[in-house]
Amino acid sequence: MDVKQSEKKQHVEFQRKIKLRKGLIEKASKLTGAYYVPFIGDGDIAFELYQGNKIHGADIDPAMVETAKSRLPDAEIIAADCDKYPFKKSIATFNLADFDSYSYPYDSFRNFWEEAKFGSQCVLFFTDGQRQAIIRTGHYRTPGGKKVKAKTVTEKREAYNFYFNKTVLPWFKEYIKPWKVVYITKYLRSASMCYWGAIIAREQRASKVKGKPGKAGEVHRNKFDSIKKDEYLALLRQGHTRGLAASLVGIHRATVSIHMKKDSGFAEAVSEAESDAIGKVENALFEAAISGNVTAIQVYLYNREPERWADRRNIRLAGEGGGPIEVKEIDAKAKLISIIAGMSARIREVENPQLTDGKGS
Ligand SMILES: C[S@@+](CC[C@H](N)C(=O)[O-])C[C@H]1O[C@@H](n2cnc3c(N)ncnc32)[C@H](O)[C@@H]1O
């Protein structure tokens with residue numbers, strides 16, 4: 001990947017982080033308390049979203065701290081290990097905390113939770129790379145801090161596939177009691193990094209989320225709202241099936257069908273997202289064919305121009321008029337070599353028109 005592509009990718013990833021955060025902040029009631037921003041780095045997220053609030057930020061890297069301080073002059077930002085809680089002496093009451101760590105945000109969160117003071121509602125964000133650890137080595141830490149090893153392939157697969165729903169979520173709900181989850185959302189990047197956020201509230205306020213009023217105590221996390229729809233479409237674009245994409249956003253696939261029936265715009269977006277995924281594969285196939293991969297050449301041509309290129313080896317079951325099959329000796333290898341030679345010549349022509357006289361070789 002060249003520098004430009006990598007910058008573009010980073011920009012897209014950053015915008016996804018911002019979108020997740022904006023969505024939840026808009027849903028929460030007014031957040032008037034302080035914001036805790038451990039792992040603040042050079043302050044990109046805080047600069048984009050949290051200015052104007054009482055920011056308590058920290059990072060282990062003093063150079064990053066200096067950059068963040070210069071960008072956020074009103075914030076209190078210190079160099080510290082955020083796996084511990086570095087503002088023990090502060091009397092601030094927090095409404096938001098953003099644990100954008102590289103891989104394991106939960107030491108930081110647990111220490112914050114045990115030592116800080118909160119208002120009656122809190123918005124939390126997490127960057128969790130434990131699925132990457134599971135798939136690479138099988139070793140990972142649960143959010144509670146336990147070191148676990150998934151030994152067999154089946155154990156790894158189980159831990160990886162159900163990591164959020166079976167490991168993170170049940171632990172989180174139990175850990176924050178008597179607080180309750182009011183709303184929760186997540187997305188995955190490269191199928192391994194998990195970015196998630198939650199609005200939590202002390203029990204009596206659990207139904208106070210902006211939007212349509214819900215029944216008292218209602219928990220909205222299963223609602224297929226615009227944030228979840230966007231996440232669902234992004235997963236389809238990555239090539240996930242409808243069923244898997246639905247379960248990754250925590251929605252039953254029947255709910256998706258209902259929404260597609262009543263919202264033609266959404267139904268259209270679903271098929272566009274699926275076409276995008278297929279388009280990506282087609283492009284990759286074309287690139288592979290152009291660079292001389294014979295299987296890719298065959299698949300591409302058999303499908304694009306079946307009349308000219310169909311592979312008839314398994315189709316012809318009878319001869320003329322249903323009679324016995326007439327067996328002709330064909331030099332299959334020679335035929336394939338001549339097809340490939342013809343194609344290479346055409347590719348050379350397209351790539352280097354100045355080297356040919358336009359008639360091919
Ligand atoms: C993903 S970056 C955070 C980027 C940041 N959210 C932003 O908006 O620019 C992770 C940051 O965590 C910091 N970090 C890693 N381990 C840490 C620790 N134990 N305590 C504090 N900061 C840590 C790194 O220096 C790095 O700046």
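Would you mind finding the one in Pro105, Pro86 that is at negative phi, within 12 Å of the ligand (Cβ to nearest atom) and in contact (Cβ under 8 Å) with a residue 60 or more places away in the chain?
Going through Pro105, Pro86 in turn, just one is at negative phi, within 12 Å of the ligand (Cβ to nearest atom) and in contact (Cβ under 8 Å) with a residue 60 or more places away in the chain: Pro105.
Can you name the residue in region 287-309 that is surrounded by 11 or more Cβ atoms within 10 Å (Cβ to Cβ) and more than 18 Å from Ala341 (Cα to Cα) and is also modelled with the highest pLDDT among such residues?
Top of the filtered list is Asn303.
Are any residues in region 121-158 of a type in the set (Gly, Ala, Ser) and in contact (Cβ under 8 Å) with a residue 40 or more places away in the chain, and if so, which ones?
Gly129
For region 76-87, indicate whether the set of residues that are touching a helix residue (DSSP H, G or I) at 6+ places or on another chain (Cβ under 6 Å), modelled with pLDDT of 95 or more, surrounded by fewer than 17 Cβ atoms within 10 Å (Cβ to Cβ) and outside the structural domain of Gly243 (by TED's automatic domain parsing) is non-empty.
Checked against the condition, which is being touching a helix residue (DSSP H, G or I) at 6+ places or on another chain (Cβ under 6 Å), modelled with pLDDT of 95 or more, surrounded by fewer than 17 Cβ atoms within 10 Å (Cβ to Cβ) and outside the structural domain of Gly243 (by TED's automatic domain parsing), region 76-87 yields at least one hit.
Out of everything in region 96-148 that is of a type in the set (Lys, Arg) and farther than 23 Å from Pro178 by Cβ, what residue ends up being modelled with the lowest pLDDT?
Arg136
Does region 16-27 include one or more residues that are more than 14 Å from Leu124 (Cα to Cα) and either more than 16 Å from the ligand (Cβ to nearest atom) or touching a Leu at 6+ places or on another chain (Cβ under 6 Å) (or both)?
Within region 16-27 (the criterion being more than 14 Å from Leu124 (Cα to Cα) and either more than 16 Å from the ligand (Cβ to nearest atom) or touching a Leu at 6+ places or on another chain (Cβ under 6 Å) (or both)), the answer is no, since none of the residues qualifies.
Take the residues in region 28-41 that are more than 15 Å from the ligand (Cβ to nearest atom) and touching a residue at least 24 places away in the same chain (Cβ under 8 Å); name whichever of them is nearest to the chain's Cα centre (by Cα).
Ala28
Filter region 47-77 for residues that are part of a loop (DSSP other than H, G, I, E, B), more than 9 Å from the ligand (Cβ to nearest atom) and out of contact with any Gly (no Cβ under 6 Å at 6 or more places or on another chain); which is nearest to Lys88 (Cα to Cα)?
Once the filter is applied, the top-ranked residue is Lys54.
With (1) loosely packed, with under 14 Cβ neighbours inside 10 Å; (2) of a type outside the set (Lys, Arg); (3) within 12 Å of the ligand (Cβ to nearest atom) as the list, and Asp44 as the residue in question, which single condition is left unmet?
Going through the list (1) loosely packed, with under 14 Cβ neighbours inside 10 Å; (2) of a type outside the set (Lys, Arg); (3) within 12 Å of the ligand (Cβ to nearest atom), Asp44 breaks only (1).
So that you can scan it fast, the table gives a plain yes or no per residue for (1) touching a Phe, Trp or Tyr at 6+ places or on another chain (Cβ under 8 Å); (2) assigned by TED's automatic domain parsing to the domain that holds Arg237; (3) among the aliphatic types (A, V, I, L, M):
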| position | (1), (2), (3) |
| --- | --- |
| Lys261 | no, yes, no |
| Gly265 | no, yes, no |
| Ser275 | no, yes, no |
| Ile278 | no, yes, yes |
| Phe286 | yes, yes, no |
| Gly292 | no, yes, no |
| Ile297 | no, yes, yes |
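Residue by residue, here is whether (1) touching a Leu at 6+ places or on another chain (Cβ under 8 Å); (2) closer than 25 Å to Arg131 by Cβ; (3) at pLDDT 85 or above holds:
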residue: Glu203; (1), (2), (3): no, no, no
residue: Ala206; (1), (2), (3): no, no, no
residue: Pro213; (1), (2), (3): no, no, no
residue: Val249; (1), (2), (3): yes, yes, no
residue: Ser257; (1), (2), (3): no, no, yes
residue: Asp263; (1), (2), (3): no, no, yes
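The values are calculated or read from the model by the stated rules, or taken from the named source; none is laboratory data. Since this is a predicted model, take the numbers as computed values, not measurements. For neighbour counting, all protein chains shown are included, and Cβ atoms are generated from backbone atoms with ideal geometry for every residue, glycine included.
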